[in-house]
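Have a look at the structure below before the remarks.
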Amino acid sequence: MTNEKKSNTMWGGRFAAGPSAIMEEINASIGFDWRLYAQDIAGSKAHAEMLAAQGIIAAQDAEKITRGLDTILSEIASGTFEFSPALEDIHMNIEARLKELVGAPAGRLHTARSRNDQVATDLKLYVRDAIDAIDDALRGFQAALAERALEHAASVMPGFTHLQSAQPVTFGHHLLAYVEMAARDRSRFADARKRLNECPLGSAALAGTSFPIDRAATARALGFDRPTANSLDAVADRDFALEVLAASAIAATHLSRLAEEIVLWSTPQFGFARLSDAFTTGSSIMPQKRNPDAAELIRAKAGRIAGAFTGLIMVMKGLPLAYSKDMQEDKEPVFGALDTLVLGLAAMTGMVRDLAPDTRAMRKAAGEGYSTATDLADWLVRVLAMPFRDAHHVTGQLVARAEAGKVALHRLTLAEMREVEPRINEEVFSVLSVDKSVKSRTSLGGTAPANVRRAARGWLKKLARQAR
Ligand code: ARG
C-alpha cells in the first residue's frame, strides 16, 4: 500500500492522485453542511422523479434512487450514517452511500444537475424552514410581552430619554414597544421568504442543461413559487442568506436592548424587577448575588449575529460570476446566527414570562426627577392659555424652586407657585401625580392605560389567530 490516497471517485477521471491531508481539511465542508441532509435528499428525490417523468432516466432507476434516498434519510436521522471528510460535503456523502445501496442507478441521479444548483437549492430550503421557526419564536415572544403588558397596563414606571427620568409611562406600554419591533422583525423575515422562494434546481453548474428537464415540476415539488429565471444568478448569489442574516441582526439588536433593560431593572439600584431563579446565576464568592446571565448573553449574542452578516457579505463581495468555492463559507454563519437567534428568543420569552416587576419601586421612581413637569406646562397652556414656550419657562422656574427646597413638584405650596405665576390655582395639583399624567396621554400610540389595554388585547387576539 502506498501513502497516496486514491483519486476522488466523483471526478477521479482527470486526477492521478488524491488530495493531501491539508487540502482535505480546508476543502471539506461535511463537518457543518451535514445539516443540509434532509433538504439535500428532498431535492434529489424531486430531481430523480422529474428525470423519470421526462424520460431522461428509467422509471425503475428513479424508484431505486428514491428508495435508497429514503434509507439514507433514516440512517442519518438515527445517527447510524458514517460521514466521511474524504467525500468532502453532504452531497457527495449521500451520493456515495446511494451507490453502495442501489448500485449503478445512483450514477444517473446527477444527470442535468451540479452541486452548484444543488447546494443553492438546499440552502434555500434550509433558510426557508429556519424563517418559519424564527417566525414562530417571534410570535411566542410577542404573546409573552402582550400578556404581561395587559397585566401591567396601569403600572406606572419612569420613561427615560438619555436614561434620565423623562415622563411617567406604563410598564405595559414599554413592553408593547417591543411587540411592535418584533412585528417588524417578522415582516422582514416574511419579506425575505417571499423573495427567496424561487428554485435554483436545474440551473446546473452555471449555464443550464441540454436535457429536456421540467424545472417547474421540481420547483413545485419542493414548495417553491417558481424556478429562478437566470442560471448564472441562481448558482452565484446568496443574497437570500444575507437578507435573513440582516433581519436576524436587527431582531437580535432589539433583543439586546430589552436584555440590557432587564439587566438594569434587576440591579438593586433600579430595583424595578426580579428575575426568576430559572434565568439567573449566583456567584461562587458573593452569596448575595443574583446575576442576570441569560440577559447578558442575549445582549452579547447580537454581536455574533451581526458578525455573521458582516462575515458573509465580505465573502460575497467582489466574487465574479458564477460559483466560486468561497461560497461554501456561507453555511457556518447562517447556521450559527439562526441557531443563536432561536435560542435567544426562547430565553427572552422565558424571562419575560417569569419577570416579577416591583410595581411599587417603579411607581416611586416614576415620581422622582420632576417627571410631571411637562404635565404642569401643558396645564398652563390649557387652563391659562399660555404659549407653550412661556409655560415651559414658568415650569422651569417652579422646578428650580422645588429643587432648591429638595421637594417634589406636587409638594410646593400654592403660595410658592403663585410667586412664580400668580394665576395658578388649586386645580394644578390634579395633573402633578404620575397616575394622572399617564392617564392623560390618550393620544394615538400614547401611554394611557386605556390605550395599552386596547393595544395589548388587540395583539393577543391577532397572535392567537396566527397561532392557529
Ligand atoms: N460544498 C460545496 C459548497 O457548499 C458544494 C458546491 C461545490 N461546487 C463546486 N463546484 N466545487 O459550496
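Every number here is computed from the coordinates shown, using simple stated rules; none is lab data. Predicted model, so just to flag it, every value in this text is computed and none were measured. Positions of Cβ are generated from backbone atoms using ideal geometry, with glycine treated the same way; all protein chains shown enter the neighbour counts.
Things to note:
- Net charge contributed by nearby residues that have their C-beta within less than 9 Å of Glu198 (K/R +1, D/E -1): +2
- Based on Cα contacts under 8 Å between residues 6+ apart, the chain shows a relative contact order of 17 percent.
- Farthest positive-ward along region 171-281 dipole, Cα basis, beta-carbon charges - from Gly223, Ala183, Thr209: Gly223
- Residue (of Leu343, Ala300, Val315) at the positive-pole extreme of region 297-355, dipole from beta-carbon charges: Ala300
- The packing ranking of peptides 133-145, 319-331, highest mean first, is 133-145, 319-331, where packing means the average number of other beta carbon atoms within 10 angstrom of each residue.
- Cβ crowding within 10 Å ranks Met314, Met351, Met181 as Met314, Met181, Met351, fewest other Cβ atoms first.
- Rounded to the nearest 20, the size of the Cβ-charge dipole of the chain about its Cα centre is 1300 debye, with Lys and Arg at +1 and Asp and Glu at -1.
- The local environment of Ala183, defined by Cβ-Cβ distances under 15 Å, has a net charge of +2 under the rule Lys, Arg +1 and Asp, Glu -1.
- Helices in the chain, meaning DSSP H runs of at least 4 residues, each add -39500 (n - 2.57). Divided by all residues, the mean residue ellipticity at 222 nm is -20000 deg cm²/dmol.
- Average Cα contact separation per residue, region 98-214, under 8 Å, 6 or more apart, as relative contact order %: 38 percent
- Net charge, Tyr126 excluded, C-beta distance under 13 Å - Lys, Arg +1, Asp, Glu -1: -2
- Across region 266-352, the relative contact order, built from alpha-carbon pairs under 8 Å that are at least six residues apart, equals 26 percent.
- Residue exposure sequence - Ser443, Ser165, Ser430 - by fewest surrounding Cβ within 10 Å: Ser443, Ser430, Ser165
- Farthest positive-ward along the chain dipole, Cα basis, beta-carbon charges - from Ala385, Val156, Ala455: Ala385
- Region 384-413 and region 44-109 have Cα centres spaced 79 Å apart.
- Packing-based order for 353-361, 450-458, using average beta carbon neighbours within 10 Å, highest first: 450-458, 353-361
- Peptides 375-386, 22-33 ordered by packing proxy, namely the average of other Cβ atoms within 10 Å per residue, highest first: 375-386, 22-33.
- Taken about its Cα centre, region 273-392 carries a charge dipole of about 200 debye when Lys and Arg each add +1 at the Cβ and Asp and Glu each add -1 at the Cβ.
- The angle between the Cα long axis of helix 115-151 and the longest principal axis of the Cα atoms of the chain comes to about 20 degrees, rounded to the nearest 10.
- Which listed pairs, of Lys331/Lys462; Lys45/Lys99; Lys439/Lys461, have C-alpha distances above 26 Å, in listed order: Lys331/Lys462
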